[in-house]
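The values are calculated or read from the model by the stated rules, or taken from the named source; none is laboratory data. None of the values given here were measured: they were computed from a predicted structure. Using ideal geometry, Cβ is built from the backbone for each residue, glycine included, and neighbour counts are taken over all protein chains shown.
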Amino acid sequence: MTTIRYDHERSSTVHPDPPGASTFPQPRSFFWLPIDGQRHAAGIRDRYLPSGKLITTLCGQQLTRARVTDTEWLWPTCRECWSAAETRVGLRG
């Protein structure tokens, strides 16, 4: 009997987790917030901060949290925050 191995079954295509990586989901170390015309990521634990609070974003800006409605979530994403977020979750070195 012949065993057929498909490409996705090869061990060489399996990418091991980086050293120290856990198999359990890690708590998020940042949240996305619509601030100043863009969706920024901020390294905060409470995404429900009241409006008027000063927030330091992952791109390094200090911005004031504004009152949010439904449409602000459609704003474009800050590219610098996106890059920093990718680094935090291990997608970039």
Handout entry: Residue match in the range 77-88 (condition: at pLDDT below 90 and either in a loop (DSSP other than H, G, I, E, B) or in contact with a strand residue (DSSP E or B) (Cβ under 7 Å, 6 or more places away or on another chain) (or both))
Key = no
Practice task
Collect the residues in the range 27-50 that are free of Cβ contacts under 8 Å to residues at least 40 places away in the same chain, buried (at least 19 other Cβ atoms within 10 Å of the Cβ) and small (Gly, Ala, Ser), keeping them in residue-number order.
Solution key: 42
Exercise for the section: Working only within the range 58-76, note down all residues that are surrounded by 16 or more Cβ atoms within 10 Å (Cβ to Cβ), modelled with pLDDT of 90 or more and in a loop (DSSP other than H, G, I, E, B). Expected result: 58, 59, 61
Exercise for the section: Give the range 58-92 a look and list any residue that's within 15 Å of residue 28 (Cβ to Cβ) and among the β-branched types (Val, Ile, Thr), or say none. Expected result: 87, 89
